[in-house]
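Colleague: Please see the structure below; I have some questions.
No lab work stands behind these numbers, since they all come straight from the coordinates. Remember, it's a predicted structure, so these values are computed and weren't measured experimentally. Methodologically, a virtual Cβ is constructed for each residue, glycine included, from the backbone with ideal geometry; neighbour enumeration extends over all protein chains shown.
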Amino acid sequence: MTENPAHTDLWPAPHASGPVSATVHVPGSKSVTNRALVLAALAAEPGWLRRPLRSRDTLLMAAALRAMGVGIEEGVGPDGSGEAWRVIPSGLHGPATVDVGNAGTVMRFLPPVAALADGPVRFDGDPRSYERPLNGVIDALRVLGARIDDDSRGSLPMTVHGVGALDGGRVEIDASSSSQFVSALLLSGPRFNQGVEVRHVGGPLPSMPHIRMTVDMLRTVGAQVDTPESGGEPNVWRVTSGALLGRDLTVEPDLSNAQPFLAAALVTGGTVTVPDWPEHTTQPGDRLREIFTEMGGSCELTEKGLEFTGSGSIHGIDVDLSEVGELTPGIAAVAALADSPSTLRGVAHLRLHETDRLAALTKEINELGGDVTETADGLHIRPRPLHGGTFHTYDDHRMATAGAIIGLAVPGVEIENVGTTAKTLPDFPDLWAGMLGN
Ligand SMILES: O=C(O)C1=C[C@@H](OP(=O)(O)O)[C@@H](O)[C@H](O)C1
Ligand SMILES: C=C(OP(=O)(O)O)C(=O)O
């Protein structure tokens, strides 16, 4: 949770003068956009990606794939509607350089792609990317036949020495620190000579909906995937080697990025509608319907989208967030404003996210007068009257949006480096002001 001294800008978080009433169009899902880019790049024919998220994480993914020779062109989509990317796969080439920024999806999903390139691919990124776990992907790729130079440290920076193909086969990994290790190996699995069988061994696997998203999207492009849910062994996924189809895919809104807007309805006792909320989805943000309802709101999925209404009361919650860890900062912010304590569990792995999120949330909420303690796997939050002050964000987009939620209810909160929301939601300050009618 090191502070980046370059970021001293303070954004006065708007205080809500009354219940919000707004419709907020939330941009596309980071997780869907970056999976779709990888799958389209590995396909045997061109594909379309409509309403892709354009944020730091997805632009880094697109730039990295382009660096390996993939065509990603701006377009309007085959039916003439909406912004789109046309992805034109090609032989994957090295030498190339990949900047992962601090994107988990880029640093984990691309080394298996690089192993298929015909030359060296160098990976580097933000200082924090050196600390985030990558050993599961590196070790697995070596077992599957890749040569990687990582100075034997199991982290970035590193070079993957692709030779144009990878054997693949069976591998055991401990993915308890990140579900993205499993997703990474499965996404490129159809292009390995023998496909891939991934067996997770170790502590509980977080973020299962994100693994389901990987499996669903692989099946959509024609891959054959066997999973624990489809009658296979627990913790084992198998992807058969085979060509992938080029598809025309429309990206769903990012439901985790819808969180601060739904929270605004909850915190101010207002109503926020998010258009295009999918009826069925693997996105973990869909769990907000249930979690924020338990915390005092109510919601309805109508033809206008998800309409979420706060009751004016906010209740504490005792909840296991292991499946939906990325929702923790926003839930913690709402919990700090509730009428009873909360316990958030199952999220020890958040200590290795964009920042140590458990430490950062504890420190920043407490500095505004709160009473938060870290547990082995989460947070205890006892609401107290909060006061204004600086809310530090540690280059973490979800810390910035968590601070903005608190600022709705607490005058004088200033968010340091709100620009860090560009990782997944560059429009955040404007969308927030628009929601508040400013
Ligand atoms: O695969 C994905 O798109 C993601 C998986 C999760 O990662 P972890 O399993 O590392 O928590 C999640 O937190 C992250 O925001 C996105
Ligand atoms: C953990 C997150 O991101 P990443 O994809 O970098 O892991 C997140 O967006 O909350």
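Colleague: Within the stretch 298-310, restricting attention to residues that are in contact with a Leu (Cβ under 8 Å, 6 or more places away or on another chain) and either within 23 Å of Asp339 (Cα to Cα) or touching a residue at least 60 places away in the same chain (Cβ under 8 Å) (or both), which residue is surrounded by the most Cβ atoms within 10 Å (Cβ to Cβ)?
Modeller: Only one residue tops the list, namely Phe308.
Colleague: I've got another one for you. Can you tell me which condition Leu53 does not meet? The list is (1) in a helix (DSSP H, G or I); (2) within 13 Å of ligand 1 (Cβ to nearest atom), and all the others hold.
Modeller: It is condition (1) that Leu53 fails.
Colleague: Output yes when any residue across the stretch 339-360 is under 18 Å from Leu408 (Cβ atoms), in contact (Cβ under 8 Å) with a residue 60 or more places away in the chain and away from ligand 1 (no atom under 12 Å from the Cβ), and no when none is.
Modeller: No, that holds for no residue.
Colleague: So, in the stretch 312-336, how many residues would count as being in a loop (DSSP other than H, G, I, E, B) and either surrounded by fewer than 24 Cβ atoms within 10 Å (Cβ to Cβ) or basic (Lys, Arg) (or both)?
Modeller: 5
Colleague: What are the residues in the stretch 340-357 that are in contact with a Ser or Thr (Cβ under 8 Å, 6 or more places away or on another chain), closer than 24 Å to His315 by Cα and within 16 Å of ligand 2 (Cβ to nearest atom), if any?
Modeller: The answer is Leu344, Gly346, Val347, Leu350, Arg357.
Colleague: Need the failing condition index for Ser55 against (1) within 16 Å of ligand 2 (Cβ to nearest atom); (2) farther than 23 Å from Thr421 by Cα; (3) touching a residue at least 60 places away in the same chain (Cβ under 8 Å); (4) not hydrophobic (A, V, I, L, M, F, W, C), just the number.
Modeller: Of everything listed in (1) within 16 Å of ligand 2 (Cβ to nearest atom); (2) farther than 23 Å from Thr421 by Cα; (3) touching a residue at least 60 places away in the same chain (Cβ under 8 Å); (4) not hydrophobic (A, V, I, L, M, F, W, C), Ser55 misses just condition (2).
Colleague: Next question. Return yes or no: is Ala333 among the hydrophobic types (A, V, I, L, M, F, W, C), over 22 Å from Leu205 (Cα atoms) and more than 12 Å from ligand 2 (Cβ to nearest atom)?
Modeller: yes
Colleague: Which one of Pro411, Pro385, Pro426 is assigned to a loop (DSSP other than H, G, I, E, B) and without any contact (Cβ under 8 Å) to a residue 24 or more places away in the chain?
Modeller: Pro385
Colleague: Looking only at the stretch 187-219, count how many residues are within 16 Å of ligand 2 (Cβ to nearest atom), among the hydrophobic types (A, V, I, L, M, F, W, C) and touching a Leu at 6+ places or on another chain (Cβ under 7 Å).
Modeller: Within the stretch 187-219, residues that are within 16 Å of ligand 2 (Cβ to nearest atom), among the hydrophobic types (A, V, I, L, M, F, W, C) and touching a Leu at 6+ places or on another chain (Cβ under 7 Å) number 2.
Colleague: Which of the residues belonging to the stretch 93-116 are buried (at least 24 other Cβ atoms within 10 Å of the Cβ) and more than 16 Å from ligand 1 (Cβ to nearest atom)?
Modeller: Val98, Ala114, Ala115 - these are the residues of the stretch 93-116 that are buried (at least 24 other Cβ atoms within 10 Å of the Cβ) and more than 16 Å from ligand 1 (Cβ to nearest atom).
Colleague: Take the stretch 153-186 and flag every residue that is more than 20 Å from Gly203 (Cα to Cα), more than 16 Å from ligand 2 (Cβ to nearest atom) and assigned to a loop (DSSP other than H, G, I, E, B).
Modeller: Residues satisfying the conditions are Arg153, Pro157, Gly162, Val163, Gly164, Ala165, Leu166, Asp167, Gly168.
Colleague: Whether any residue in the stretch 126-133 is part of a loop (DSSP other than H, G, I, E, B) and more than 24 Å from the chain's Cα centre (by Cα) is what I want to check.
Modeller: No, because not a single residue in the stretch 126-133 is part of a loop (DSSP other than H, G, I, E, B) and more than 24 Å from the chain's Cα centre (by Cα).
Colleague: Out of Val106, Val100, Val70, Val76, which single residue is more than 19 Å from the chain's Cα centre (by Cα) and in contact (Cβ under 8 Å) with a residue 24 or more places away in the chain?
Modeller: Exactly one residue qualifies, and that residue is Val70.
Colleague: Looking at (1) under 20 Å from Ser155 (Cβ atoms); (2) within 14 Å of ligand 1 (Cβ to nearest atom); (3) among the β-branched types (Val, Ile, Thr), can you tell me which one Ile211 breaks?
Modeller: (1)
Colleague: Looking only at the stretch 346-377, which residues are farther than 16 Å from Ser256 by Cβ, of a type in the set (Lys, Arg) and within 19 Å of the chain's Cα centre (by Cα)?
Modeller: Arg351
Colleague: Evaluate the following for Thr355: is it of a type in the set (Ser, Thr, Tyr) and surrounded by 18 or more Cβ atoms within 10 Å (Cβ to Cβ)?
Modeller: Judged against the criteria, Thr355 is a match.
Colleague: Would you be able to say whether some residue in the stretch 198-205 is within 13 Å of ligand 1 (Cβ to nearest atom), touching a His at 6+ places or on another chain (Cβ under 7 Å) and not in a strand (DSSP E or B)?
Modeller: Among the residues of the stretch 198-205, not one is within 13 Å of ligand 1 (Cβ to nearest atom), touching a His at 6+ places or on another chain (Cβ under 7 Å) and not in a strand (DSSP E or B), which makes the answer no.
Colleague: Looking only at the stretch 358-372, filter to residues that are in contact with a Pro (Cβ under 9 Å, 6 or more places away or on another chain) and at negative phi; which one of those is surrounded by the fewest Cβ atoms within 10 Å (Cβ to Cβ)?
Modeller: Asp371
Colleague: Does Gly47 meet the test of being crowded, with 21+ Cβ neighbours inside 10 Å, within 16 Å of ligand 2 (Cβ to nearest atom) and farther than 22 Å from Asp149 by Cβ?
Modeller: no
Colleague: Restricting to the stretch 281-311, name every residue that is in a loop (DSSP other than H, G, I, E, B), hydroxyl-bearing (Ser, Thr, Tyr) and more than 24 Å from the chain's Cα centre (by Cα).
Modeller: Of everything in the stretch 281-311, just one residue is in a loop (DSSP other than H, G, I, E, B), hydroxyl-bearing (Ser, Thr, Tyr) and more than 24 Å from the chain's Cα centre (by Cα), namely Ser311.
Colleague: Something else now. Out of Asp395, Asp430, which single residue is touching a helix residue (DSSP H, G or I) at 6+ places or on another chain (Cβ under 9 Å) and among the acidic types (Asp, Glu)?
Modeller: Within the list Asp395, Asp430, the selection yields Asp395.
Colleague: Of the conditions (1) out of contact with any strand residue (DSSP E or B) (no Cβ under 8 Å at 6 or more places or on another chain); (2) within 19 Å of Ile314 (Cα to Cα), Ala243 fails just one. Which one is it?
Modeller: It fails just one condition, (2).
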